[in-house]
Amino acid sequence: MTSGVGEREGQTADRWIPRAEVLSLLGVKTQTLYAYVSRGRITARPDPADPRRSLYAAADVARLKGASSGEASGVVVPFEPPAVKGESLIQSKVSLISDGRLYYRGCDVAQWAQNATLEETARLLWGAEETNPFAGLGVRVDSAGGASHRARLFAALARRAEEEPSSIGRSSEALKVDAAVAMNEVVDAVAGPGPRLFFHQRLARGWKMLERDSVHLRRALVLAADLDLDPAVLATRAAASGGASPAGAAFAGLTTAAGSPRARTLTRAIAYVVEARRDPAGAARRRMADEGGIPGFGSESFPHGDPRVEALLALADLPADLTAVIREAEASSGQRTGFAGALAIMARRLDLPRDGASDVLLIGRLTGLMAHALDQIIDGSPIRARLRYVGPRPQGE
């Protein structure tokens, strides 16, 4: 009997199964499957017969089915994946991935980004539609210093984190103004002081972009604001739950985001785009041979294509060399362009500094992390986790 179990496990480990079979085995809806993929619980890959479709690791499905089989069945809240053993539930009003789309507080992000500014996105995510926390904000005389845009960004945010009082006992309106002040000072730190234009316009001036191209920067910032639960969101919410100010909580999250796998993927995608502009087909072949994939292409959160990519690149009027980078990378990898790849492509289209795409990601992300901080402070339930000691036993026992 033992050998039979081992044989079945070996067969499962090598199998890749279609979506319909996964849904049937787990008894879940499509959006729940996408949530499992985005959280790394089920591995997905393109179907060799049809790259527009995905196959899923049967071993992951079997493991997940086994983890859930002993739990009592119950009613699942709409859009909410069933709990998995070992998970802590964190309630959020900020964003949602459902049926291959991303929503900010119920608004389809791809549509929202076509016209919304980063300030409007902040007000949406922060629940500040009725009042404008950005109204009347001016230039701070003692601007934050630093040798790079990123250094100045973190210096400005850290200063606000030190200056703001604890969030405990403060009104939601005051907290939202604090978040707006922090965003305002961060943008000034990166772009330099100047006229009180929209954030994307101020950044475009700081990066000496053509004014007509600032619309693409605006979309990139909005699309980068939030995605799903990751360590940066968890760090933000944990700090906020402990009484940190919005800037302090977001600082914890942003430092986490800066060292995250997503940020590292973007850094590698930036380098790839620079290389591939000179030799698109050759660069794609080399990366596939050396690494088995191309950084910035493919997405675990969106196995069938990230909707933010089309929203960012559809109206970008890319030159022929950047179009070739996308064409050759997708053809060689069998993967669609991911958001990191699109952001790296757009940064080159706008002629931003080498690390400009990373700066855009962090500034956009800061807006979403502020939303998580505010959501946790104002409406969040306590984050409860238990630390289990597994080190050496105390001497004498």
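The values are calculated or read from the model by the stated rules, or taken from the named source; none is laboratory data. Please read these numbers as outputs of a predicted model, since none were measured by experiment. Counting neighbours? That spans all protein chains shown, and the Cβs are built from the backbone with ideal geometry, glycine included.
Numbers below:
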{"quantity": "Helices (runs of 4 or more DSSP H) within segment 288-397 that include 3 or more residues outside the structural domain of T30 (by TED's automatic domain parsing) and among the charged types (D, E, K, R)", "calculated": "320-333, 356-379"}
{"quantity": "Residue match in segment 311-320 (condition: of a type in the set (D, E, K, R) and at pLDDT 95 or above)", "calculated": "no"}
{"quantity": "Extreme residue, modelled with the lowest pLDDT, among residues of segment 1-26 that are in a loop (DSSP other than H, G, I, E, B) and loosely packed, with under 12 Cβ neighbours inside 10 Å", "calculated": "M1"}
{"quantity": "Conditions (1) surrounded by 14 or more Cβ atoms within 10 Å (Cβ to Cβ); (2) closer than 24 Å to A249 by Cα: number failed by I168", "calculated": "(1)"}
{"quantity": "Boolean, G146 is part of a loop (DSSP other than H, G, I, E, B), in contact with a Lys or Arg (Cβ under 9 Å, 6 or more places away or on another chain) and either surrounded by 20 or more Cβ atoms within 10 Å (Cβ to Cβ) or not aromatic (F, W, Y) (or both)", "calculated": "yes"}
{"quantity": "Residue in segment 182-193 that is surrounded by fewer than 16 Cβ atoms within 10 Å (Cβ to Cβ) and assigned to a helix (DSSP H, G or I) present", "calculated": "no"}
{"quantity": "From G169, G194, G146, residue being modelled with pLDDT under 95 and closer than 25 Å to G242 by Cα", "calculated": "G169"}
{"quantity": "Of the criteria (1) of a type in the set (A, V, I, L, M); (2) crowded, with 23+ Cβ neighbours inside 10 Å; (3) touching a Lys or Arg at 6+ places or on another chain (Cβ under 7 Å), which one L361 fails", "calculated": "(3)"}
{"quantity": "Candidate set from segment 218-269 (those that are of a type in the set (V, I, T) and crowded, with 24+ Cβ neighbours inside 10 Å); member that is farthest from the chain's Cα centre (by Cα)", "calculated": "T236"}
{"quantity": "Of residues in segment 235-253 being touching a residue at least 24 places away in the same chain (Cβ under 8 Å) and outside any helix (DSSP H, G or I), the one farthest from I363 (Cα to Cα)", "calculated": "G243"}
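Conditions (1) modelled with pLDDT under 90; (2) surrounded by 13 or more Cβ atoms within 10 Å (Cβ to Cβ); (3) over 21 Å from K176 (Cβ atoms), marked per residue:
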site	(1), (2), (3)
V84	yes, yes, yes
S88	yes, no, yes
Q91	yes, no, no
L102	no, yes, yes
T117	no, yes, no
E120	no, yes, no
G127	no, yes, no
